[in-house]
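Working notes, beginning with the structure itself.
We did not get these values from a lab; they are worked out from the coordinates using the rules stated. Because the structure is a prediction, the values reported are computed rather than measured. Neighbour counts run over all protein chains shown; Cβ positions are idealised from the backbone, glycine included.
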């Protein structure tokens, strides 16, 4: 019991001593100072990055807006990772842990766990090639891994996509095996119009052509005037006329909806109805009379 009391007295004396609290205060002050300096460094670095990309417009080297947003976001993310890694090492050094020994041990540990982190390495390497090859960029409308939406962010490890209903999907870069990018080339809206056989095909085409001209002149959705390709197919109760046009990248779906509505309204106002399913029934008595 005497030994325990002596140890407790030592601990009590240490806690009551000014040197202990002074060392705690000094440690907290150093940590806060390191974090503040790191925050300032990150803000200054982001300002420098912003200025470098803004000066791109004044130089001979041209970078597209979509690629500029992607590179800026990626560099900022990498900067944050590096700065906070240095912050952690500085805090450990403040505690008294030798950084050199820690780094040497980290190399051995990293080699040991490297086999278990293959997916992480694959994500980082895939992210590098996505940016390097400009497969897609921030703001592009893409279809990736069964997810369709707008690219919000491309990181070192993951890509964030927001679909049209507002959900955000986070996809590991290593899982991206095929990309459909709708924001690279101009879009082609395709509208198929069903016309009943009772209506003359040339008359229907004349009506649709007049609607196409009206739509093209009254809106800026189309880069070229909608064009009738011809009769696409012959169905049971109707034939199908196909119309195509050209829009800016990613706007083909809105143009399709608008053009489809205008054509339906224009045809209806001129007496051309959209065909409905038809069912012809014969009674047994009628068949008997035909036999007579």
Using a simple spin-label model with points 7 Å from Cα along the Cα→Cβ vector, what separation in nm is obtained for residue 236 and residue 163?
3.3
If the label point is 7 Å along Cα→Cβ of residue 223, which residues in the stretch 161-182 have backbone nitrogen under 14 Å from it?
182
Simple SL model, points at 7 angstrom along Cα→Cβ for residue 270 and residue 148; separation in nm is 3.1
What distance in nm separates the simple spin-label points at residue 119 and residue 134, each placed 7 Å from Cα in the Cβ direction?
3.3
All Cα pairs of the stretch 190-269, percent lying beyond 19 Å:
31
Using a Förster radius of 30 Å, what is the FRET efficiency between residue 52 and residue 29 based on their Cβ-Cβ separation? Nearest 0.05, please.
0.30
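Once fully extended, how much extra length lies between residue 79 and residue 188, figured as 0.36 nm per residue of separation less the alpha-carbon to alpha-carbon distance?
Roughly 35.2 nm would be gained on extension.
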Hey, fewest Cβ within 10 Å first, where do 72, 168 land in order?
168, 72
Neighbour-count order for 131, 151, fewest beta carbons within 10 angstrom listed first
131, 151
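Take each of the peptides 33-39, 134-140, average the number of other beta-carbon atoms within 10 Å over its residues, and list them starting from the highest.
Numbers: 33-39: 13.4, 134-140: 20.0.
So the order, starting with the most tightly packed, is 134-140, 33-39.
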